[in-house]
1. Is it true that Gly288 is buried (at least 23 other Cβ atoms within 10 Å of the Cβ) and over 17 Å from the mean Cα position of the chain (by Cα)?
2. Which residue pairs have Cβ atoms under 8 Å apart, sit 6 or more places apart or on different chains, and have a first residue in the stretch 384-403 that is over 18 Å from Val364 (Cα atoms) and a second that is of a type in the set (Lys, Arg) and open to solvent by less than 50 Å² (accessible area, probe 1.4 Å)?
3. Any residue at all in the stretch 144-166 that is more than 30 Å from Glu297 (Cα to Cα) and either touching a strand residue (DSSP E or B) at 6+ places or on another chain (Cβ under 6 Å) or not in a helix (DSSP H, G or I) (or both)?
4. Run down Glu350, Glu297 and say which single residue is among the acidic types (Asp, Glu) and surrounded by fewer than 22 Cβ atoms within 10 Å (Cβ to Cβ).
5. Please tell me if Ile256 is at pLDDT 85 or above, closer than 30 Å to Ser109 by Cα and not in a loop (DSSP other than H, G, I, E, B).
6. Which one of these does Val355 not meet: (1) over 18 Å from the mean Cα position of the chain (by Cα); (2) surrounded by fewer than 23 Cβ atoms within 10 Å (Cβ to Cβ)?
7. Give me the residue from the stretch 44-75 that is assigned to a loop (DSSP other than H, G, I, E, B) and open to solvent by less than 60 Å² (accessible area, probe 1.4 Å) and, out of that set, nearest to Phe240 (Cα to Cα).
8. Looking only at residues that are in a helix (DSSP H, G or I) and of a type in the set (Ser, Thr, Tyr) in the stretch 82-134, which one is surrounded by the fewest Cβ atoms within 10 Å (Cβ to Cβ)?
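The values are calculated or read from the model by the stated rules, or taken from the named source; none is laboratory data. The structure presented is a predicted model; accordingly, all values stated were derived computationally and were not measured. Using ideal geometry, Cβ is built from the backbone for each residue, glycine included, and neighbour counts are taken over all protein chains shown. The area values use the complete protein model at the heavy-atom level, side chains included, leaving out ligands, DNA and RNA. Shrake-Rupley method; radii C 1.70, N 1.55, O 1.52, S 1.80 Å.
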Amino acid sequence: MVIATSTLPVPDGDRIASRLFRLSIGVFFIGGFLTSSVSLLVPQLKLMLHLDYRQALLVQLAFHSSYLLFALPITWAIVRTGYMRAIVAGLAVMTAGCLALTMAQTALSFAMVMGALLLLSAGQTFLQIASNTVVAVIGPSRGAARRLTLLQGFNSLGTVLGPLISAPLLLAELDADVARSIDPTLPFLGTALVTAVLTLAYMRYRNLLARGEAQTFAGTGQMFQLIRLRRLKWGTAAIFFYVGAEVTIGALLPTILMRSDRLGVTPVVGGQLVSLYWGGAMAGRFIGAWMMTRMAEYRLLLAVAVGGVALTMAAIILPGALGAGALIAVGLCNAIMYPTIYALALPADERQAPVASMWLCMAVVGGAVIPVLTGVLADAMALLPALIVPAACYAFIARFAALCAQPQEPKS
């Protein structure tokens with residue numbers, strides 16, 4: 001197979017970049033809203049279907065496994081059709097997945113929920129590979145991390161609003177103080193409406209990035225040679241551990257906050273308080289974008305990774321509100337990790353970006369693996385000691401940040 005990528009147009013570059021950025025805001029926002037809302041299915045299904053931690057965290061396995069299953073064919077589709085048309089396809093698949101999830105919720109079928117989440121995450125995979133890559137390569141490489149961090153700020157706005165809006169709907173039946181007449185399918189019906197509108201918007205501008213002459217990039221064997229690049233190899237692993245840690249904490253946080261030795265809150269309040277975790281990521285991303293104009297990106301990544309280790313360990317050890325607050329504060333450390341790792345790991349040769357992005361997005365499967373491993377450990381030991389797993393993930397990210405002090409591999 002031959003991998004090719006379009007040459008982005010030089011004329012009217014500023015106008016194109018500006019319009020693409022505005023369109024991307026909606027994609028990043030709804031992606032964050034959906035991710036945090038799906039996390040609330042963990043406490044909902046655990047309590048309603050009497051699941052253990054491992055079974056409940058299979059929600060994250062289904063939602064994130066498509067990054068491994070479909071990344072290769074989706075990358076092939078992107079380089080054949082272009083970034084904009086690939087985003088259209090991803091949004092359309094997400095719309096279908098949201099509608100399927102509402103039907104699964106109505107039927108209260110765990111198997112149907114798993115299938116709907118797999119479909120939903122297939123659409124997310126399109127967006128992860130196409131949206132992140134095009135934003136990174138459309139402008140100067142020096143500012144790629146900053147551009148992605150700004151857009152991830154809007155992603156975090158979605159993750160903040162997700163628990164605030166979705167928790168009273170998804171967790172109402174678990175809370176005696178909340179009316180039972182609320183429809184739990186509303187968050188995903190609303191998301192389907194938004195993704196359908198975004199599909200039409202991207203369809204209108206599907207020719208925004210005019211395809212130039214395709215540049216032969218790599219054969220199938222060379223795709224596997226690409227992952228041998230030091231930065232990309234370590235960056236792929238860092239994305240795996242980052243997403244795994246972030247998703248694990250976000251999924252378990254409501255249950256932890258409901259514990260009597262932490263805050264002892266009701267399910268709905270616990271779900272809504274998760275917005276503070278995602279809110280820290282939102283604030284941190286806008287602050288991080290500003291800080292990147294004043295310090296090296298890898299230094300900032302190293303600092304927040306060390307902070308993630310310290311706060312997660314404090315959440316295990318400290319009692320009551322101190323431990324709960326420490327775990328919520330991990331969101332602030334998460335803020336700049338994904339876009340910074342992503343930008344630092346991309347090869348210097350932008351022609352390699354689509355396939356490099358494929359590897360990085362396949363690593364998002366960490367959001368499927370790490371939560372389940374943590375759930376197994378929680379069932380075997382206890383919930384709080386199991387947080388040692390995400391703490392170890394942040395330690396690995398610190399190692400990657402230190403590696404990035406060395407020069408990037410030159411263009412081939």
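1. yes
2. Going by the 8 Å Cβ cut-off, the qualifying pairs are Leu403/Arg231.
3. The answer is no; no qualifying residue exists.
4. Sole residue among the options that is among the acidic types (Asp, Glu) and surrounded by fewer than 22 Cβ atoms within 10 Å (Cβ to Cβ): Glu350.
5. When the stated conditions are applied, Ile256 passes them.
6. Of the numbered conditions (1) over 18 Å from the mean Cα position of the chain (by Cα); (2) surrounded by fewer than 23 Cβ atoms within 10 Å (Cβ to Cβ), the odd one out for Val355 is (2).
7. That would be Ser65.
8. Thr106
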